[in-house]
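Let me begin by presenting the structure, written as structure tokens, before commenting on it.
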Amino acid sequence: MEVLKKNKHFIRIKGYFKALKNKVIEIYNPYMLWMASPFILMEVFIFIFGLKVRYVNYNFISPLIFTISWITLFVGTSLCFKKWIGKVIYIIIDLLFLVMFLTNNIYFSMTKTFFDFRLTESAGEGAPYILDAIKNCNSLVYFAFIILIIISILGLKKMPKIVKNNYKAFGKVFLAFIIIHTIALLTLGRANTSLTWSSWRNPKNIYNSFNDNNKSLKISGFYEYTVRNFYKTFLKTEGQENEEDLEFLDSSYVEEKSKKNSYTGNLKGKNLIIIQLEGTDKWLITKEDTPTMYKLMNEGINFDKHYSYYNGGGSTFNSEFAVNTGYITPISYTKNAYAFNKNSFPNSLAHIFKGLGYSVNAFHMNTGEYYSRTANYKNWGYDNYYGLIDIDKYSDQSYQLDRELILNEKFNELLFNTEGNFLDYIIAYSGHLPFTNTKGVCKMLYEEDMDKIEEETGVRPEFVQMSEEECTRRQAKETDYMMELLLQNLKERNLLNNTAIVVFTDHYLYTLEDQTILDKYKNTSNNLINNTPWFIWSSSIKKTKVNKVTSQLNILPTILNLYGVSYNVNNYISTDALNSKYEGLVFFSDYSWYDGNVYVESGEVTNGKKINSDKLFEKNEYVNYLTRKNDLTLKFNYFKNKEVQ
């Protein structure tokens, strides 16, 4: 034994193990653990609060390794610089992610979708309601936030005093980050390079596209998600056109003229008024609450299985974009619909109707700055976008009442053109949150109702807090009053019999604080929650109920056929919903889809219905084809140098 102890090889090996032991002790020094603790806890809390997100097995190792890489970088960098510099670095990183932690969880608590930096582009629209979102967030989020602040302070106090900058150590930390981060990327596996339905449940494909917020965070962890989402939103440059993509688009737009059916030309020559309702869910259209809309829906063509799109940011404008252009917000990459105001849309609703000799104008209460509506509507071919508060001055907030779209004298004069055919696109507002009679639209309507009671009885009732559901019904009634005024004005001007009215809702009522209200009226377990109204009324149309599945993408081509317009059916993502050969299909931003029979998620039927395996594969491929066509058309501005078909 003594001989062994004196052996130089034994001494060298013993030295290695001693150095390794010291290194392990150094790495797992308690102060490092304290410094890492707030970052570890943020990841744990995000995981817990996001348990409702279905996608991966929670043993999935990639997000863990991504998180280790970022915590190594955060803590390691802070320890490489002397005195206050390292502490400032630690504080800044910690504060940034504390803010992102709170932002993500407040937004997820309200929408069941994690925060996306592209939402900052539409921050103005939601700014008045931030306080409501904060107030109604899961209280456990704030409890966790307080814990994180306490642990962060302790982590800062436990930091050792560093006497000098150690750039060599920083290089090692950064190298360790690169190595661990690379390992995390490798654990994602390989991406599907061919166009297959399963691409969008493949972890590497999800990471590459990074368009599904929930899945992206699940496969990458909180820190990787935050950094990559920021990069994809603000820093990444647009991809260049490639031959394969352009060949795909050229083959997708091969000329195929629309075929006539029994509805072709039924509305030819009539004026057209399109009403986009604000959050007016189907269950709000009743004989008691909204008699005018109820009457129009049940006297006209009622598309019973219609679905709108909720994309998490700017859902109102997403519907405007879909109905006017025939395309939806990209699914495979991050870009808001209103950012395409430089793209060419020669086959848009407005361009086609202007070609028919119509005057085409859009009307809304809000300024043209919101969602860049002035620029977008001009780009789509409208003569004008009129914002109520742009052209008239109000001393109060009564401009938020939909009745003002008709009662305002300036708007009224612009709406009803008696000198020729017109297309009016009217965007309602009164169904907007907040749903409380202490503020917003509901408060104005409640006070109006109390004024009437006081006028009739001489006694003003005591204030009674209305429930969210009561407010949504009262606000829908206000929109119905606007519809009543619209019909009256058309009748007074002898325009009613020569005007068709198309009505649809921008999105379901995801803005309700109490989402359990929806459970009483619709399927809320998946994307079928997006079931919303769409109906077409004209005095010359026969009452019809359409049971085929439709979406906002069907509205434009259906209108064209009703007005007798011959067009290239391949110029749009969907088709005329009244064509007998149309089978019915809607797809959503997570690539799930529904055809009226099966609801398919991640390529598999999840509603217990049956479908032939070959047909399932075929439809999965078709949905993938449609989304690719949609996204590439917008990405490469395909119609820029194309003639109108």
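The values are calculated or read from the model by the stated rules, or taken from the named source; none is laboratory data. On a predicted model such as this, the values are computed, not experimentally measured, just so you know. Positions of Cβ are backbone-derived with ideal geometry, glycine not excepted, and every protein chain shown enters the neighbour counts. Note: areas computed on protein heavy atoms with side chains; ligands, DNA, RNA excluded. Shrake-Rupley method; radii C 1.70, N 1.55, O 1.52, S 1.80 Å.
Couple of notes before you dig in:
- Rounded to the nearest 20 debye, the dipole size of the chain about its Cα centre is 4280 debye, using +1 on the Cβ of Lys and Arg and -1 on the Cβ of Asp and Glu.
- Selection among Thr438, Phe234, Ser152 by position relative to the dipole of the chain gives Ser152 as farthest towards the positive end (Cβ unit charges, Cα centre).
- Viscosity 0.890 mPa s, 25 °C: Kirkwood-radius Stokes-Einstein D of the chain over Cα pairs, µm²/s: 89
- Near Leu267, the amide H atoms lying under 5 Å from its own belong to Tyr563, Gly564; only residues 5 or more places off or on other chains count, and H is placed 1.01 Å from N.
- Taking amide H atoms as placed 1.01 Å from N in the peptide plane, the amide H of Phe363 lies under 5 Å from those of Tyr386, Tyr425, Ile426, Ile427, each 5 or more residues away in sequence or on another chain.
- The chain: angle of helix 8-27 to the longest principal axis, Cα-based, in degrees nearest 10: 40
- The alpha carbon radius of gyration of the range 253-314, expressed as a multiple of 2.2 N^0.38 Å, is 1.53.
- Note, ³J(HN,Hα) from phi for the range 594-601, Karplus 6.51, -1.76, 1.60, rounded to Hz, x at Gly and Pro: 9, 10, x, 10, 9, 9, 10, 10
- Straight-line cross-link partners of Lys218 among the aspartates and glutamates, defined as a Cα under 15 Å from its Cα and at least 8 positions apart when in the same chain: Glu43, Asp116, Asp590.
- Value of [θ]222 nm, deg cm²/dmol, for the chain, DSSP H segments ≥ 4, -39500 (n - 2.57) each, nearest 500: -15000 deg cm²/dmol
- 3J(HN,Hα) along the range 530-544, derived from phi through the Karplus expression 6.51 cos²θ - 1.76 cosθ + 1.60 where θ = phi - 60°, amounts to 7, 4, 9, x, 8, 8, 10, 10, 7, 4, 9, 8, 7, 4, 9 Hz, with x in place of Gly and Pro.
- Across Val569, Val360, Val459, the residue with the most accessible area heads the list, and the full order at a 1.4 Å probe is Val459, Val569, Val360.
- Reach of Lys260 by Cα under 17 Å, taken over aspartates and glutamates that are not fewer than 8 positions away in the same chain: Asp576, Glu583
- Rg [Å, one decimal], Dmax [Å, integer] - the range 514-637, C-alpha atoms: 16.1, 46
- Rounded to whole Hz, the Karplus (6.51, -1.76, 1.60) HN-Hα couplings of the range 340-351, x for glycine and proline: 9, 6, 9, 6, 9, 10, x, 9, 5, 3, 5, 4
- Cα long-axis angle, helix 62-78 against the chain (0 to 90 degrees, to the nearest 10): 60
- Excluding same-chain neighbours fewer than eight residues apart, the aspartates and glutamates reachable from Lys635 by a Cα-Cα span under 13 Å are Glu238, Glu241, Asp245.
- Between helix 213-230 and the chain there is an angle of about 80 degrees, using the helix long axis and the longest principal axis of the Cα atoms.
- Relative protection proxy for 345-354, 449-458, from highest mean packing down: 345-354, 449-458 (other beta-carbon atoms within 10 angstrom).
- Over 27 Å between alpha carbons, listed pairs Lys522/Lys619; Lys135/Lys305; Lys112/Lys610: Lys135/Lys305; Lys112/Lys610
- Descending semi-axes in whole angstrom, ellipsoid equivalent of the range 472-524, from the Cα gyration tensor: 32, 12, 7
- Residue-normalised accessible area of the chain, expressed per residue, 1.4 Å probe, Å²: 47
- For His306, the residues whose amide H sits under 5 Å from its own are Thr532, Thr550, ignoring neighbours fewer than 5 places away on the same chain, with H placed 1.01 Å from N.
- Rolling a 1.4 Å probe over the protein heavy atoms of the range 299-413, with every protein chain left in place, gives an accessible area that is 43 percent carbon and sulfur.
- Pairs of Lys residues in the range 376-498, spaced 8 or more positions apart or belonging to different chains, with C-alpha separations under 24 angstrom: 13 in total.
- Among the protein heavy atoms, those of Glu288 account for about 140 Å² of accessible surface (1.4 Å probe, every chain in place).
- Size of charge dipole - the range 478-558 - debye, nearest 20, with Cβ of Lys, Arg +1 and Asp, Glu -1, no other charges: 600
- Shape category assigned to the range 414-540 from the gyration tensor of Cα positions, a/c cut at 1.5: oblate
- Of Lys520/Lys609; Lys257/Lys642; Lys270/Lys354, pairs whose Cα-Cα distance is over 19 Å: Lys520/Lys609
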